[in-house]
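Student: Just dropping this structure here.
Computed from the coordinates by the stated procedures, all read-outs in this text should not be read as laboratory data. None of the values given here were measured: they were computed from a predicted structure. Cβ coordinates were reconstructed from backbone atoms using ideal geometry, including for glycine residues, and neighbour counts include every protein chain displayed.
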Amino acid sequence: MPSNRTFTMIKPDAVENGYIGAILTKIIASGFRIVSMKMTQLSQRDAELFYAIHKERSFFNDLVSFMTRGPIVAAILEKENAVDDFRTLIGATNPKEAADGTLRKQFASSVGENAVHGSDSNENAEIEGAFHFSGREIF
Ligand code: IDP
Ligand code: MG
C-alpha cells in the first residue's frame with residue numbers, strides 16, 4: 001500500500017451503537033478518500049491473527065472476544081500523511097485521554113471498547129489492508 005494510505009476498522013461497539021454513518025462522515029470531512037470498504041465480522045482466528053502483536057498482553061482474550069462479537073466496517077483510506085493524520089483524528093487509545101474533537105472522544109466508551117482502529121505505521125497499514133482486502137477490492 002502506498003505511504004499515503006492507512007487502514008481502519010469501525011469496531012463492534014460503534015456499529016452496535018449506530019455510529020457508522022457519523023464516523024464515516026467525520027472521516028470524509030477530514031479529507032480522507034475511501035479506497036476500499038466492507039462490513040464484515042472477524043472470526044476468532046482472524047482477530048487472534050490481526051492482534052497477534054498483543055497476544056502476551058493481559059487484555060488479549062477480552063480484545064479478541066470484543067472484536068468478534070459483532071460486525072465491523074473495515075476500510076482503506078487515502079490522504080497525504082494518512083497514518084499520522086488518522087491517528088490524530090481517532091485520538092488516544094483510552095477515550096478518557098482522547099482530545100476534544102477526536103473520534104474516540106466522541107464515540108468510544110472505554111480503553112477496550114474504543115470505537116475505531118487506525119494503523120500505527122505505513123508497514124502495518126499495508127499488512128492490515130491486505131489482511132482484509134484482495135487486490136481487486138482496492139481502488
Ligand atoms: P491502539 O488501538 O490505539 O493502537 P493498541 O495499544 O494497539 O491501541 O491496542 C489495541 C487495542 O487493544 C486497543 O485499541 C483496545 O481496543 C485494546 N486495548 C489496548 N489497551 C488496552 C487495555 O489496557 N485494556 C483493555 N483493552 C486494551
Ligand atoms: Mg495499535
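Student: Taking VAL64, is it surrounded by 16 or more Cβ atoms within 10 Å (Cβ to Cβ), without any contact (Cβ under 8 Å) to a residue 24 or more places away in the chain and away from ligand 2 (no atom under 14 Å from the Cβ)?
Tutor: So VAL64 fits the description; yes.
Student: May I pose another question? Residue check: is ASP120 part of a loop (DSSP other than H, G, I, E, B) and within 14 Å of ARG5 (Cβ to Cβ)?
Tutor: Criteria met by ASP120.
Student: To continue, here is another question. Is at least one residue of segment 107-121 more than 10 Å from ligand 1 (Cβ to nearest atom), more than 23 Å from GLU137 (Cβ to Cβ) and buried (at least 16 other Cβ atoms within 10 Å of the Cβ)?
Tutor: Yes, segment 107-121 has at least one match.
Student: Sticking with this one: Anything in segment 41-97 that is away from ligand 1 (no atom under 14 Å from the Cβ) and touching a strand residue (DSSP E or B) at 6+ places or on another chain (Cβ under 6 Å)? List them, or say none.
Tutor: Within segment 41-97, PRO71, VAL73, ALA74, ALA75, ILE76, LEU77, GLU78, ALA82 meet the criteria.
Student: Say we look at segment 122-139 and pick out the residues that are under 21 Å from LEU49 (Cβ atoms), surrounded by fewer than 17 Cβ atoms within 10 Å (Cβ to Cβ) and hydrophobic (A, V, I, L, M, F, W, C); which of these is nearest to ligand 2 (Cβ to nearest atom)?
Tutor: ILE127
Student: Same structure, new question: Please count how many residues of segment 95-110 are within 11 Å of ALA14 (Cα to Cα), assigned to a loop (DSSP other than H, G, I, E, B) and in contact with a helix residue (DSSP H, G or I) (Cβ under 6 Å, 6 or more places away or on another chain).
Tutor: So the count comes out to 1.
Student: Let me ask something else about it. Looking at segment 75-94, which of the residues that are within 15 Å of ligand 2 (Cβ to nearest atom) and surrounded by fewer than 21 Cβ atoms within 10 Å (Cβ to Cβ) is nearest to the chain's Cα centre (by Cα)?
Tutor: If we take residues in segment 75-94 being within 15 Å of ligand 2 (Cβ to nearest atom) and surrounded by fewer than 21 Cβ atoms within 10 Å (Cβ to Cβ), then ARG87 is nearest to the chain's Cα centre (by Cα).
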